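*Asks:* This is the structure I want to talk about, given as structure tokens.
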Amino acid sequence: MSAQKKKAFQIEAFKHRVVVDPKYAEKTWKILEHAIHEIYNHNASGLSFEELYRNAYNMVLHKFGEKLYSGLVTTMTSHLKEISNSIEAAQGGLFLDELNRKWAEHNKALQMIRDILMYMDRTFIPNTHKTPVHELGLNLWRDVVIHSHAIQSRLQAILLENVRRERSGEVIDRGLMRSITKMLMDLGPSVYQDDFEKHFLEVSADFYRLESQEFIESCDCGEYLKKAERRLNEEIERVSHYLDTRSEVKITNVVETEMIESHMHRLVHMENSGLINMIVDEKFEDLGRMYCLFRRVSNGLVLIRDVMTSFIRDTGKQLLTDPERLKDPVDFVQHLLDLKDKYDKIITSAFRNDKTFQNALNSSFEYFINLNSRSPEFISLFVDDKLRKGLRGVTEEDVELVLDKVMMLFRYLQEKDVFEKYYKQHLAKRLLSGKSVSDDAERSLIVKLKTECGYQFTSKLEGMFTDMKTSQDTMQGFHASHGSDIGDGPMLSVQVLTTGSWPTQPITTCNLPAEILGICEKFRNYYLGTHTGRRLSWQTNMGTADLKATFGKGQKHELNVSTYQMCVLMLFNDADRLSYKEIEQVTEIPTSDLKRCLQSLACVKGKNVLRKEPMSKDIADTDTFLFNDKYTSKFFKVKIGTVAAQRESEPENQETRQRVEEDRKPQIEAAIVRIMKARRVLDHNNIVAEVTKQLQSRFLPNPVVIKKRIESLIEREFLERDKGDRKLYRYLA
Amino acid sequence: MLLSKNSALESKDNEIFEVEESIAIQSELIKTMTTMVNSKAYVNERNQMVPEARCRKQANYHVEQNNKIVDEELSDWESKFFEVDMDDLHELFMAANYLEIESLLNGVTKRVGDFIKACKNVEVIRQTFGINNDFAAQQEEEIRKLNSWNHI
């Protein structure tokens, strides 16, 4: 650390540097140059690594790095030129082989050279911002060999030729291809892309364009899709075997564009094998394939979805406007369910449960179901049929399945309140005639409706069930207290119905026979005794009666008839022959009902307990009726005149419609008042929008009707028009 | 590995050192050589020529010791090791650079740094290290002006 020692050192330091003169540099370089030659000539075994390293080290240390570097460049370049020539000389198939071999050798040599020149790589090169040795080696290879005029084009051609041959089914040397593409990638991604990938993609596009054109002329849709899928998989495999993974996306894109996207429309609409045919023939495999392939292309799925949707709508519309179909509602609804099942199956198995397709299906169904205004009625009839007989002997789970399907159709309805009306009617008939197959099934359906639409919807329906139960209890009480009185008289069974819950019936007149009147009075007194303040009225149009009848030869039959029919038949206890007018007078049953009931008694084969003169089909005012002594029947118990729920005739339909409209008015008004109370002031369009939104779970209100209701409310001073703006309404508390 | 636990290293002045392999590999150069031995075998296995003279020995010594001593003792041992004169320091420096032994290189440079700090001004530094003043008078003026805040 002290200053004295340094003097001796000073002189030494100088010495070191001066000793190294240009000749030294030249000599050292020569040694290294020779070494590089030997390395390229596969003669490296005779060299001493350490010696070479030391020489390179010294050159750099003594500031001859520049000479070393440029010498390296020159030497390597000349060697590479030689190599380039030898590759060019290779014939035909051996070209790639030779290239590959020389490349491997070059890499080995490069590594050795780099090890020797490590010191330069680490110190000189970063300082002077030159290319490191390894990179330099790659760049020189690229420039001298690959981009040499003769080799570049030949290489490209041979590579593409190989791909083409493999595409037409020949086997090629994939390992060799792999090495070559790897070489290109090592040289830099731009080399790989510009020298190979770009052209590869272009050539592939042309190839597939041609091929797809060929296929589409000769194959049908399913076959074409198979071929396209096969080619796509081939390309993916090809990439995995000997191309850069980043090429996969690009080549699949090419195949998708050429084979699928350009022919999308033609495929879908192909005669006899396109999408529609596949759907109709339920070709799930083909559909699944189409889905997968089209998914890769933008707008592919949109196309499928649109075509499918319009087809479903058309099919549905056809179904709904086919008069044949509409004759049998149960059949009709069953067809709808089958249609839905079919498409559900297609979507789950072929379209991978794609949500967008589900939505499209739902919207199509919703569209065409509501095209026919009688759909709510038909669905209710379908349920009615099932609950009367269709579900007999069916397991509980299957029952649930059927009901769930019905619920699904129900959801599509826009006019749910119409359905409610019909359902109430049909339910009433079922309950009162005791024709329901399973009480559990009925209740289950009510629960489902409640979940779907809320308590309000089903409260009346539940009321009906409660009434039935209560009536049972009442009857028990009645029999217990009056049982002894009845004795041999007619047996009475009463159902007491709460007026609000049951469908409103017109009040009809009917004179009950004397035998019946007695017991009816007894019941009335009994009931009013226990429930004061109520009013009972007999619903003669809804009852049934069991009569024991003895015919000519003494054969007895038990007849199950409606109340009206009972009244008529009881008259024949006292007379053998009665005219229409007489019957009408005594019973006071309304004309149309009377005619219908007489028809079923006299004109139906196998049930004609009465004979009519003349024997025409229709009942005329001038007809006469006789008790049919000669009536025979195989069965002891004969059922007459219990008519199952029919689809309504036109006038009946109109009537129901009207009633529904009437019911809607107060609902709309209630909605309007509710909205205005909350908002205070609102303009016309907004009111209409809000009302529609609130009521949409029950029905779709008509804007004209809404307007009328608003005006009515204004008259009744619930609302007022704003003085300044005619379109604005104000709530009046 | 083909190498035995001890590798024999020969120095320029033909002295052979038996060094444990793990220590020898501390030198980057030797590490490269040994890996190359396995793959290319154009280097004689045991005979590796090293140009440095006695420095080699010292480097060896240093490296050996490095592996045996725990940290606190290390700094003591190190300061003793580096208390050599300029010549030896120079040779140690060259050895460390050539063989690329990082820890040795760090130690030496630190030492040199200490030397520079101890010097009072430029002239003293030049004397200590034997550096010629190759600035032209004008250049020197410019540089002094630029760095006047540094109190050169």
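Throughout, read-outs are computed from the coordinates displayed, never taken from laboratory work. As the structure is a computational prediction, the values presented were derived from the model and not from experiment. Note that we place each Cβ from the backbone using ideal geometry, even for glycine, and neighbour counts take in every protein chain shown.
*Asks:* With the radius of gyration and the Kirkwood radius both derived from the Cα set of segment A:488-542, what is their ratio Rg to Rh?
*Replies:* Reported Rg/Rh (Cα atoms, Kirkwood Rh): 0.96.
*Asks:* When you take every Cα atom in segment A:8-167, what is the radius of gyration, and what is Dmax, the widest Cα pair distance, in Å?
*Replies:* In Å, with Rg to one decimal and Dmax whole: 19.6, 80.
*Asks:* Using amide H atoms built 1.01 Å from N in the peptide plane, name the residues 5+ places from residue A:117, or on other chains, whose amide H lies under 5 Å from its own.
*Replies:* none
*Asks:* Right, next: Round to a whole angstrom and tell me the spacing of the C-alpha centers of segment A:451-511 and segment B:105-152.
*Replies:* Between the Cα centre of segment A:451-511 and that of segment B:105-152, the gap is 119 Å.
*Asks:* Another question about this same structure. Karplus couplings for segment A:403-418 from phi (6.51 cos²θ - 1.76 cosθ + 1.60, θ = phi - 60°), rounded to Hz, Gly and Pro as x?
*Replies:* 5, 4, 5, 4, 4, 4, 5, 4, 4, 6, 5, 8, 9, 5, 6, 5
*Asks:* How about segment A:632-733: which GluC sites (Glu not before Pro) there lie in a loop by DSSP and see at most 12 other Cβ atoms within 10 Å?
*Replies:* A:717
*Asks:* While we're looking at this one, here's another question. For segment A:258-298 and segment A:112-150, what is the centre-to-centre distance using only Cα atoms, to the nearest Å?
*Replies:* Their Cα centres are 55 Å away from one another.
*Asks:* Here's a follow-up. Roughly speaking, what % of Cα-Cα pairs in segment A:237-371 are separated by over 19 Å, rounded to a whole number?
*Replies:* Working: 5134 of 9045 pairs.
In whole percent, the share of Cα-Cα pairs in segment A:237-371 beyond 19 Å is 57.
*Asks:* Per residue of A:69-76, how many C-beta atoms from partner chains lie within 10 Å of its own C-beta, taken as a mean?
*Replies:* Shielding by partners across A:69-76 averages 0.
*Asks:* Within the set of other residues whose C-beta is less than 14 Å from the C-beta of residue B:121, count the net charge using Lys and Arg as +1 and Asp and Glu as -1. Could you put the intermediate results ahead of the total?
*Replies:* Working: positive: B:117, B:120, B:126, B:144; negative: B:123, B:140.
Net charge around residue B:121: +2.
*Asks:* Of all alpha-carbon pairs in chain A, indicate the percentage at a distance above 50 angstrom.
*Replies:* 53
*Asks:* Using θ = phi - 60° and the Karplus relation 6.51 cos²θ - 1.76 cosθ + 1.60, list the HN-Hα couplings for segment A:99-111 in order, rounded to whole Hz, with x at every Gly or Pro.
*Replies:* With the stated coefficients, segment A:99-111 comes to 4, 4, 5, 4, 5, 4, 5, 4, 4, 4, 4, 4, 5 Hz.
*Asks:* While we're here: Report, as an integer, the average count of C-beta atoms from other chains found within 10 Å of each Cβ along A:57-67.
*Replies:* 1
*Asks:* For residue A:727, which aspartates and glutamates qualify as cross-link partners when the Cα separation must be under 19 Å and same-chain residues fewer than eight apart are set aside?
*Replies:* A:669, A:683, A:690, A:711, A:715, A:717
*Asks:* Work out from phi, with θ = phi - 60° and the Karplus expression 6.51 cos²θ - 1.76 cosθ + 1.60, the ³J(HN,Hα) of each residue of segment A:215-227, listed in order in whole Hz, and give x for Gly and Pro.
*Replies:* Listing the rounded values in order: 4, 5, 6, 9, 10, 8, 4, x, 4, 4, 5, 4, 5 Hz.
*Asks:* Sum up the charges of everything whose Cβ sits under 9 Å from the Cβ of residue A:460, counting Lys and Arg as +1 and Asp and Glu as -1, but leave residue A:460 out.
*Replies:* Once positives and negatives cancel, what remains is -1.
*Asks:* Follow-up. Give me the compactness ratio for segment A:366-459, meaning the Cα radius of gyration over 2.2 N^0.38 Å.
*Replies:* 1.03
*Asks:* How charged is the neighbourhood of residue A:239? Take every other residue with its Cβ under 15 Å from the Cβ of residue A:239, and add Lys/Arg as +1 and Asp/Glu as -1.
*Replies:* Every neighbour counted, the sum reads 0.
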